[in-house]
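Novice: So that we are looking at the same thing, I have put the structure below in structure tokens.
The values are calculated or read from the model by the stated rules, or taken from the named source; none is laboratory data. Keep in mind that what you see is a predicted model, and the values were worked out from it rather than measured. Cβ: placed from backbone, ideal geometry, glycine included. Neighbour counts: every protein chain shown. With ligands, DNA and RNA removed, areas are computed over all heavy atoms of the protein, side chains included. Shrake-Rupley method; radii C 1.70, N 1.55, O 1.52, S 1.80 Å.
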Amino acid sequence: MALRLEEDVLLKNYCTFKVGGQAKHFVKVETEADLREALQLVAKEHWPLFILAHGSNVIFPDEGWPGLVILIGIKELKIEGQSLRAGAANMMNELVDASISNGLAGLEWAGGLPGTFGGAIRGNAGAFRGEMKDVIASVRSIETTTGREIERKNDGAMFGYRDSIYKRHSEVIVSAAVELRQGDQAELRATADKWIAFRQDRHPLEFPNVGSIFKNTPIGRVPENWMAHFHDFIKNDPFPIIPTGKIIDDAELKGFKIGQAQVSEKHANYIVNLGGATSKDILGLIDHVKQVVRDKFQIELDVEPEVVSSKE
Ligand SMILES: Cc1cc2nc3c(=O)[nH]c(=O)nc-3n(C[C@H](O)[C@H](O)[C@H](O)COP(=O)(O)OP(=O)(O)OC[C@H]3O[C@@H](n4cnc5c(N)ncnc54)[C@H](O)[C@@H]3O)c2cc1C
């Protein structure tokens, strides 16, 4: 099928933060053949390339994207025995629901996790002591520059805290398989629903946001003179950390605003778009939070979502 290429597409309509200017060129691909064709076009036209899925972990610049945005729409979902195979564009909640309906355990922690399977693999998404790396059996990808197909087993994907080889290699994840185990359907449903309810209760889902704005803080980053202050809040998820929300809260930044971007009143590790925020507001607020935390606690924070630069 011929590609349906669009021009000047507003990226704020394709991300959960609702910020970002126009993509010069934009195409949605629903098959691997379309993806290959789009990648060939990028090579031919020398366009900068950005791969987009659900847009729940990206901050697009107000200036937009000067090249082609490929929106990944490749889907499939099948279960054989204890193995579930899905396309990169299947939403994580589809995987959670399908596994539970088949009495398969391993994905309940992802109840309420926004975004696609491919996006979750790339960032080794995790919550409530679960991570993608615990369940992934294999991942298929296509190298953007050569079109070469690559299949990696779990250890080849080099998963780390919110990290994988796909953050360093120019590849598009097209599909993957997860290995699950037998479980009790009603118990699995109750666990996933518990996490969905927890998110609805604790996170500011009433405003556009991008999830946690900073990664959690490894205890090794906390200076000795502040350890006693944070000691009771140490969590082992997925290694000993201080929840960064606690650090930002103690820096008295809840509610702080730049333009229409605000440190959430409900959860200090969320920045929310109060309506009409710009990427500049959000990035300014991120810098401010980092500086205040650095000045007060001598702790360095790492930004979690992908901050896209219009100059790439
Ligand atoms: C309310 C809320 C709560 C959240 N809670 C959590 C949480 O608990 N834990 C957590 O880890 N994250 C969380 N997130 C962040 C986000 O949901 C995850 O990072 C998610 O996995 C991103 O998937 P996506 O489809 O939205 O990816 P996108 O935002 O579209 O893309 C993210 C990055 O992955 C790349 N990418 C996407 N698809 C592919 C692909 N197929 N191949 C190669 N690269 C690709 C993109 O280029 C981009 O760099 C939350 C976000 C929100 C809004």
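Novice: Find out how many positive minus negative residues lie around VAL272, taking Lys and Arg as positive, Asp and Glu as negative, among other residues whose Cβ is under 14 Å from that of VAL272.
Specialist: Working: positive: LYS18, ARG202, LYS254, LYS257, LYS266; negative: GLU206, GLU265, ASP281.
Once all neighbours under 14 Å are counted, the net charge is +2.
Novice: Could you list the GluC sites (Glu not before Pro) in region 1-90 that lie in coil according to DSSP, counting only those with at most 13 other Cβ atoms within 10 Å of their Cβ? Kindly include the intermediate steps, with their values, before the conclusion.
Specialist: On the way: sites: GLU6, GLU7, GLU30, GLU32, GLU37, GLU45, GLU63, GLU76, GLU80; in loops: GLU30, GLU63, GLU76.
Sites meeting the loop and neighbour criteria: GLU76.
Novice: What FRET efficiency do you get for ALA2 and GLU224 if R0 is 51 Å and r is their Cβ-Cβ distance, rounded to the nearest 0.05?
Specialist: Details: r = 63 Å, r/R0 = 1.23.
E(calc), rounded to 0.05, equals 0.25.
Novice: Reachable aspartates and glutamates from LYS280, Cα under 16 Å, same-chain residues fewer than 8 places away excluded?
Specialist: Result set, ordered by chain and number: ASP62, GLU63, GLU306.
Novice: Given a 1.4 Å probe and every protein chain left where it sits, what share in percent of the accessible area of the chain is carbon and sulfur?
Specialist: Details: 7110 of 14350 Å².
Within the chain, the accessible surface is 50 percent carbon and sulfur.
Novice: Just to confirm, what accessible area per residue do you get for region 204-307 at 1.4 Å probe, in whole Å²? Could the numbers behind the result be given before it?
Specialist: Numbers: 4850 Å² over 104 residues.
About 47 Å² of surface per residue is accessible.
Novice: So what is the accessible area of region 91-187 per residue, in Å², with the probe set to 1.4 Å? Numbers along the way, then the final one.
Specialist: Details: 3870 Å² over 97 residues.
In whole numbers, region 91-187 has 40 Å² accessible per residue.
Novice: Ok, one more. Which order do PHE198, PHE50 take when ranked by solvent-accessible area (1.4 Å probe, heavy atoms of all protein chains), largest first?
Specialist: Result, largest first: PHE198, PHE50.
Novice: Then there's this: Which pairs, out of LYS133/LYS257; LYS194/LYS257; LYS290/LYS311; LYS78/LYS153; LYS235/LYS311; LYS12/LYS235, put more than 30 Å between their alpha-carbon atoms?
Specialist: On the way: LYS133/LYS257 36 Å; LYS194/LYS257 32 Å; LYS290/LYS311 23 Å; LYS78/LYS153 19 Å; LYS235/LYS311 38 Å; LYS12/LYS235 35 Å.
Long pairs (Cα-Cα over 30 Å): LYS133/LYS257; LYS194/LYS257; LYS235/LYS311; LYS12/LYS235.
Novice: Rounded to the nearest Å, what's the spacing between the alpha carbon centres of region 1-62 and region 188-235? Just the number, please.
Specialist: Rounded to whole Å, the Cα centres lie 31 Å apart.
Novice: What are the aspartates and glutamates whose alpha-carbon lies under 18 Å from the alpha-carbon of LYS75, with same-chain residues fewer than 8 places away excluded?
Specialist: Result set, ordered by chain and number: GLU30, GLU32, ASP34, GLU37, GLU94, ASP97, GLU149, GLU151, GLU171.
Novice: Could I ask something else about it? One quarter of the convex hull surface, Cα atoms only: what value does that give for the chain in nm²?
Specialist: Values: hull surface 64.9 nm².
Over all viewing directions, the chain projects a mean Cα-hull area of 16.2 nm².
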